[in-house]
Structure formats: structure tokens, C-alpha cells
Amino acid sequence: MVLSERRGRLTEQETARFLPSIARFRISLDRTPSEAAVMTLARRHHRLIVYDTVYLQLARREALPLATLDRERAGAAQAEQWL
């Protein structure tokens, strides 16, 4: 969110109003990423950062649809035949 503030997409006040709304979502932590699978995927798709790779691997492992507007992430998912 701070990055969005720096880029002028959000104000500090908008961030402050938004953050409490996150509490309504049932957020859980994924503590089981396969380090080997993440690193293999990151190496295969060199334009992805580790965060993107973990996101892809989680969606695949949980058999969830991929929600992204990021071309690199979507391209990697297509290359892996996950879409």
C-alpha cells in the first residue's frame, strides 16, 4: 500500500480507511510451500520474482483459479499449462 501511496494511486487517508476492512476477510497463512518447487519455477520463468512464484505455486497446489492482471505471472501459468 505504501508503494501505491508513493506512486500517487492512494493517499495516506485512503490507506487508513482501507486497512481495517481487511479484517473481515478470513486470511490464513500458507506454511507449506515447497522450496524446491518454488525455486524450480522461479528459475524456469526468470522474469518472475519469488513472491509471484510462490503465488503461482499456491494457486496450483490448492487447485484455485489464478487471479492476476500481471502478464508475467499469467504467462508463466499458461506456460506451465495451469490455465
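The values are calculated or read from the model by the stated rules, or taken from the named source; none is laboratory data. Just so you know, these numbers come straight off a predicted model, no measurement behind them. All Cβ positions, glycine included, derive from the backbone under ideal geometry; neighbour counts span all protein chains shown.
Worth a mention:
- Members of segment 20-43 that are under 16 Å from Arg60 (Cα atoms) and part of a helix (DSSP H, G or I): Glu35, Ala36, Ala37, Val38, Met39, Thr40, Leu41, Ala42
- Flag if Arg73 is farther than 20 Å from Val2 by Cα and outside any loop (DSSP other than H, G, I, E, B): yes
- Matching residues in segment 35-49 - criterion: being loosely packed, with under 12 Cβ neighbours inside 10 Å and in contact (Cβ under 8 Å) with a residue 12 or more places away in the chain: Arg47
- Checking Ala16, Ala36 one by one, the residue that is more than 16 Å from the chain's Cα centre (by Cα), assigned by TED's automatic domain parsing to the domain that holds Gln57 and modelled with pLDDT of 85 or more is Ala36 and no other.
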